[in-house]
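Some notes on the structure that comes next.
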Amino acid sequence: MSAYIYIEGGDPNSDPIRCRKAFRKLLESAGLKGRMPRLVPCGPRNAAFDAFKTAHANRKSGDFIAMLVDSEDPADDHEQPWTHLKKRDNWDRPGGAEDDQVLLMTTCMETWIVADREALKRHYGHKLQENALPSLNALETRHRHELHANLEHATRNCSNAYRKGKRSFEVLETLSAATLSQLPSFARLIRVLKSRL
């Protein structure tokens, strides 16, 4: 059996290695070391969806093909991601595709980053303005633009202030899977992968 996850993020022309490394470290810390799927950074979300559709159409029996994308907006039901993607993006579920093949970062990767305050403090040090970060309560209901702005504001005095791309992946690889498991989207991701790999 082969397993592939097509990931939104990591511009294929500039930082796919950083993206792949960051997600690999995070997934290994969640107990998937030794049974990792092949991680394929695709850049923009539509590119991830296109790559997923092609791989799904050409899969061999027993292969697990999935995509990991931002939900962009809060998801009504984490267990029915195709319904969310149809409503939000008008993406049609490919024939034979299952809900387990869609892994959502709700509402975005920054939700996961903001959730791990200890990792942020270790990464950014004493110049991190933790009080500029949003409350951890109902974190997955916050708008992605708000989360980006919060992270940029909280780290603005740090020499490595938060930005999408290289800096975001540097933080992502330091996150604690145990801490992130409190988020429904991350808990589902790990549950699905452990059951399918």
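The values are calculated or read from the model by the stated rules, or taken from the named source; none is laboratory data. Just so you know, these numbers come straight off a predicted model, no measurement behind them. Counting neighbours? That spans all protein chains shown, and the Cβs are built from the backbone with ideal geometry, glycine included.
Remark: Glu140 matches the filter, which requires a residue to be surrounded by 14 or more Cβ atoms within 10 Å (Cβ to Cβ), modelled with pLDDT of 95 or more, closer than 18 Å to Glu72 by Cβ and not aliphatic (A, V, I, L, M).
Picking from Leu189, Leu175, Leu104, Leu151, which residue would you name as being part of a helix (DSSP H, G or I), in contact with a helix residue (DSSP H, G or I) (Cβ under 9 Å, 6 or more places away or on another chain) and closer than 25 Å to Phe52 by Cβ?
On the way: Leu175 fails: part of a helix (DSSP H, G or I); Leu104 fails: part of a helix (DSSP H, G or I); Leu151 fails: closer than 25 Å to Phe52 by Cβ.
Every option except Leu189 fails the conditions.
Number of residues in region 154-168 that are modelled with pLDDT of 95 or more and in a helix (DSSP H, G or I) equals 1. Among the residues making up region 32-49, those that are surrounded by fewer than 18 Cβ atoms within 10 Å (Cβ to Cβ) and out of contact with any helix residue (DSSP H, G or I) (no Cβ under 7 Å at 6 or more places or on another chain) are Lys33, Gly34, Arg35, Arg38, Pro44, Asn46, Ala47.
Could you list, in sequence order, all residues of region 90-104 that are surrounded by fewer than 18 Cβ atoms within 10 Å (Cβ to Cβ) and touching a residue at least 40 places away in the same chain (Cβ under 8 Å)?
Initial filter on region 90-104 (surrounded by fewer than 18 Cβ atoms within 10 Å (Cβ to Cβ)): 90, 92-96, 98-100.
Answer for region 90-104, where residues must be surrounded by fewer than 18 Cβ atoms within 10 Å (Cβ to Cβ) and touching a residue at least 40 places away in the same chain (Cβ under 8 Å): Pro94, Gly96, Asp100.
When region 115-132 is examined, which residues are found to be more than 16 Å from Leu180 (Cα to Cα), surrounded by 17 or more Cβ atoms within 10 Å (Cβ to Cβ) and either touching a helix residue (DSSP H, G or I) at 6+ places or on another chain (Cβ under 7 Å) or at pLDDT below 95 (or both)? Within region 115-132, His123, Leu128 qualify.
When region 54-96 is examined, which residues are found to be of a type in the set (A, V, I, L, M) and in contact with a helix residue (DSSP H, G or I) (Cβ under 6 Å, 6 or more places away or on another chain)? Hits for region 54-96 are Ile65, Ala66, Met67, Val69, Ala75. Looking across region 51-77, the residues that are crowded, with 22+ Cβ neighbours inside 10 Å and assigned to a loop (DSSP other than H, G, I, E, B) come down to Ser71, Ala75.
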